[in-house]
1. Could you list, in sequence order, the residues of the range 99-129 that are outside any helix (DSSP H, G or I) and in contact with a Lys or Arg (Cβ under 7 Å, 6 or more places away or on another chain)?
2. Give the range 193-207 a look and list any residue that's closer than 30 Å to Ile130 by Cβ and surrounded by fewer than 16 Cβ atoms within 10 Å (Cβ to Cβ), or say none.
3. Is there any pair with a first residue in the range 190-216 that is under 19 Å from Val88 (Cα atoms) and among the hydrophobic types (A, V, I, L, M, F, W, C) and a second that is part of a loop (DSSP other than H, G, I, E, B) and modelled with pLDDT under 95 whose Cβ atoms are under 9 Å apart and which are 6 or more apart or on different chains, and what are they?
4. Taking the stated definitions as given, is Ala153 at pLDDT 95 or above and not in a helix (DSSP H, G or I)?
5. Picking from Asp66, Asp74, which residue would you name as being of a type in the set (Asp, Glu) and touching a residue at least 24 places away in the same chain (Cβ under 8 Å)?
6. Of all residues being within 16 Å of the ligand (Cβ to nearest atom) and hydroxyl-bearing (Ser, Thr, Tyr) in the range 163-209, which is farthest from the chain's Cα centre (by Cα)? Just the residue, please.
7. Filter the range 164-188 down to the residues that are crowded, with 17+ Cβ neighbours inside 10 Å and closer than 21 Å to Ile18 by Cβ and list them by number.
Amino acid sequence: MIDLKGKIAVVTGGNSGIGYASAKKMKENGANVVIVGRSTERVNEAASELGVKGIVADVSSLVDIDNLVKQVKDIYGKIDILFVNAGVFIPAPIGQNSQEMFDNQMGINFKGAVFTIEKFSPIMNEGASIINLSSINAYTGMANTAIYAASKAALNSYTRTASTEFASRKIRVNSINPGPIETPIFNKTGMEEDQLKGFAEAMINKIPLKRFGKPEEVASLVVFLASDESSFITGSEYNIDGGLNINSVLN
Ligand SMILES: NC(=O)c1ccc[n+]([C@@H]2O[C@H](COP(=O)([O-])OP(=O)(O)OC[C@H]3O[C@@H](n4cnc5c(N)ncnc54)[C@H](OP(=O)(O)O)[C@@H]3O)[C@@H](O)[C@H]2O)c1
């Protein structure tokens, strides 16, 4: 088992999906975990199920992030693990992307991620680990994902620069690029049931391992990157996608 004993971890978007599974696994491995989400009800429910601390903050608001950092600092002092995971997926074809759709995805997936890191930076311990949850969409031209993909590509670029700048403090920064993972994110897109089914079938057809991933499988990678087992890894990206990135063309 990976040892996270004594480490303080903050997981944004920790009330659902990959964040929830990662918070659970971090706690099982000994970390003291804080989950962050934007809904008081959902955060409180998840925090009580997991037996961890829950703090409500909308990461698209710098005021909220300031309050979050202050609360974490007052309770824990400094942190060792920052899992920057909160994100939204709002698919639309080019020509139908509204300003609101742009601002939401960029404001949460990129600006929210950047300012979570910027503002937690002063209270990160030497040797800490930052893990950014990106997507394989950062490298694909998948239809209907132009803004989402750009938000994740921007995040991966930030990861590289951040890993250089944080190295002097022995803080590591890495990105995870999942393929399709079974989480509630798809039900939040407003797509109809039959559209979602068609999307899933088409996707599974293209994935060499012929299935969606599970949040727990991503959580295992998160916990590894959060731990001292990955102490020489920084500025890297990990695909976790059942082989989708192979792009085998024929199989
Ligand atoms: N599932 C996939 O196939 C997949 C693939 C590649 C990348 N990802 C990325 O993985 C990350 C986690 O997504 P998921 O699949 O686990 O989806 P999810 O179950 O919908 O979880 C997303 C989490 O982020 C939270 N969140 C969204 N906007 C927020 C905001 N402004 N402030 C604070 N929290 C916010 C959500 O809160 P609410 O409960 O309030 O919505 C939820 O807790 C995202 O960054 C997503 O882009 C997912």
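The values are calculated or read from the model by the stated rules, or taken from the named source; none is laboratory data. Values in this document were obtained by computation on a predicted structure and should not be read as measured data. In this analysis, Cβ positions are derived from the backbone assuming ideal geometry, glycine residues included, and neighbour counts consider all displayed protein chains.
1. Met124, Asn125, Glu126, Gly127, Ser129
2. Within the range 193-207, the subset closer than 30 Å to Ile130 by Cβ is 203, 207.
Within the range 193-207, none qualify.
3. Phe199/Met191
4. On the way: at pLDDT 95 or above: yes; not in a helix (DSSP H, G or I): no.
Here the answer is no, as Ala153 does not meet what is asked.
5. Details: Asp74 fails: touching a residue at least 24 places away in the same chain (Cβ under 8 Å).
Of the residues listed, the single one that is of a type in the set (Asp, Glu) and touching a residue at least 24 places away in the same chain (Cβ under 8 Å) is Asp66.
6. Among those that are within 16 Å of the ligand (Cβ to nearest atom) and hydroxyl-bearing (Ser, Thr, Tyr), it is Thr189.
7. To start, the set of residues in the range 164-188 that are crowded, with 17+ Cβ neighbours inside 10 Å comprises 166, 171-181, 183, 186.
Selection gives Arg172, Val173, Asn174, Ser175, Ile176, Asn177, Pro178, Gly179, Pro180, Ile181, Thr183, Phe186.
Matching residues to (1) under 20 Å from Asn67 (Cβ atoms); (2) more than 10 Å from the ligand (Cβ to nearest atom):
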{"site": "Gly112", "(1), (2)": "yes, no"}
{"site": "Met124", "(1), (2)": "yes, yes"}
{"site": "Gly127", "(1), (2)": "no, yes"}
{"site": "Ser135", "(1), (2)": "no, no"}
{"site": "Ala146", "(1), (2)": "no, yes"}
